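These notes are about the structure you will find just below.
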Amino acid sequence: QVQLVESGGGVVQPGRSLRLSCAASGFTFSNSAMHWVRQAPGKGLEWLAVISYDGTNKYYADSVKGRFTISRDISKNTLYLQMNSLRPEDTAVYYCARDSTIFGVAGHFDNWGQGTLVTVS
Amino acid sequence: QSVLTQPPSVSGAPGQRVTISCTGSNSNIGAGYDVHWYQQLPGTAPKLLIYGNNNRPSGVPDRISGSKSGTSGSLAITGLQAEDEADYYCQSYDNSLSGEVFGTGTKVTVL
């Protein structure tokens, strides 16, 4: 079955960087667009970024544009989120999610990871 | 800030029917983009509940249904059960933001 496992979270100081990983298994990773979504403590879901099946198209929410970079390594079946210039308001649980389409635009998230907590303090 | 608005909370007794609205605009739901729904149980990741306005993934009971009209979507839960107590989020695409958007979230309480 589809499995998504995030890692890389932790406590980081403001202004520093962190890279999250999402290991995918149970499906053909190269056939799916992938997203990052976060949830601040006690708050709702916030979409952050999407990458198309082949990595050529990437889109970002305004809140992270220019600071965060989404990427994928097909050979490792792994999705990444490079987070730079972190701020206290970036504190959240970060989820990776599989899109129902190959381009990741206007689809839905059919599988989610368990999340990894990032604390900026 | 979310561009899709949901009521903060709804509640009902076991066996009753509850509905959750998701109000958007002409740049998202009203532009023809689908509405999708997710259930988030306490301390867990979101789970897809309804996709493409009114389709249920396998394993989701038929007492859960979705609909869309104009600039809004709606989720209905009939025969409310204790296991339905969770947070629910709608999601769509917004062409002015060029990205996915989530609703503000609704907490369902079973009385």
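Taking the criterion of being acidic (Asp, Glu) and either surrounded by fewer than 14 Cβ atoms within 10 Å (Cβ to Cβ) or without any contact (Cβ under 8 Å) to a residue 12 or more places away in the chain (or both), would at least one residue in the stretch B:61-71 satisfy it?
Checked the stretch B:61-71: at least one residue is acidic (Asp, Glu) and either surrounded by fewer than 14 Cβ atoms within 10 Å (Cβ to Cβ) or without any contact (Cβ under 8 Å) to a residue 12 or more places away in the chain (or both).
Can you work out which of the residues in the stretch A:69-90 that are assigned to a strand (DSSP E or B) and of a type in the set (A, V, I, L, M) is nearest to the other protein chains (Cβ to nearest Cβ)?
A:Ile70
Select from the stretch B:88-111 the residues that are within 14 Å of another protein chain (Cβ to nearest Cβ), assigned to a strand (DSSP E or B) and surrounded by fewer than 19 Cβ atoms within 10 Å (Cβ to Cβ) and list them in ascending order.
Result: B:Lys107, single match.
Taking the options A:Thr101, A:Thr56, name whichever one is in contact (Cβ under 8 Å) with a residue 40 or more places away in the chain, surrounded by fewer than 18 Cβ atoms within 10 Å (Cβ to Cβ), of a type in the set (Ser, Thr, Tyr) and within 29 Å of B:Gly32 (Cβ to Cβ).
Step by step, each of A:Thr101, A:Thr56 is checked, and only A:Thr101 is in contact (Cβ under 8 Å) with a residue 40 or more places away in the chain, surrounded by fewer than 18 Cβ atoms within 10 Å (Cβ to Cβ), of a type in the set (Ser, Thr, Tyr) and within 29 Å of B:Gly32 (Cβ to Cβ).
Within the stretch B:11-22, does at least one residue satisfy the condition of being buried (at least 22 other Cβ atoms within 10 Å of the Cβ) and part of a loop (DSSP other than H, G, I, E, B)?
Within the stretch B:11-22, not a single residue is buried (at least 22 other Cβ atoms within 10 Å of the Cβ) and part of a loop (DSSP other than H, G, I, E, B).
Regarding A:Val5, is this residue touching a residue at least 60 places away in the same chain (Cβ under 8 Å), surrounded by 19 or more Cβ atoms within 10 Å (Cβ to Cβ), in contact with a strand residue (DSSP E or B) (Cβ under 9 Å, 6 or more places away or on another chain) and in a strand (DSSP E or B)?
Answer is no for this residue.
Which condition number in (1) touching an Asp or Glu at 6+ places or on another chain (Cβ under 9 Å); (2) more than 10 Å from chain B (Cβ to nearest Cβ) is the one that A:Trp47 fails?
(2)
Could you please find all residues in the stretch A:23-44 being assigned to a strand (DSSP E or B), over 11 Å from A:Leu79 (Cα atoms) and facing another protein chain (nearest Cβ under 9 Å)?
Within the stretch A:23-44, A:Val37, A:Gln39 meet the criteria.
Considering each residue of the stretch A:91-121, count those that are more than 14 Å from chain B (Cβ to nearest Cβ) and either assigned to a strand (DSSP E or B) or within 24 Å of B:Cys90 (Cβ to Cβ) (or both), and give that number.
4
Of the residues that make up the stretch A:9-19, is at least one of a type in the set (Ser, Thr, Tyr) and in a strand (DSSP E or B)?
No, the stretch A:9-19 has no match at all.
Exactly one of these conditions fails for B:Val110: (1) among the aliphatic types (A, V, I, L, M); (2) more than 18 Å from A:Ala40 (Cα to Cα); (3) under 14 Å from the mean Cα position of the chain (by Cα). Give me its number.
(3) is the only condition that B:Val110 fails.
Just so you know, all these numbers are worked out from the coordinates, no wet-lab data involved. Keep in mind that this is a model prediction, so the values were computed, not measured. Counting neighbours? That spans all protein chains shown, and the Cβs are built from the backbone with ideal geometry, glycine included.
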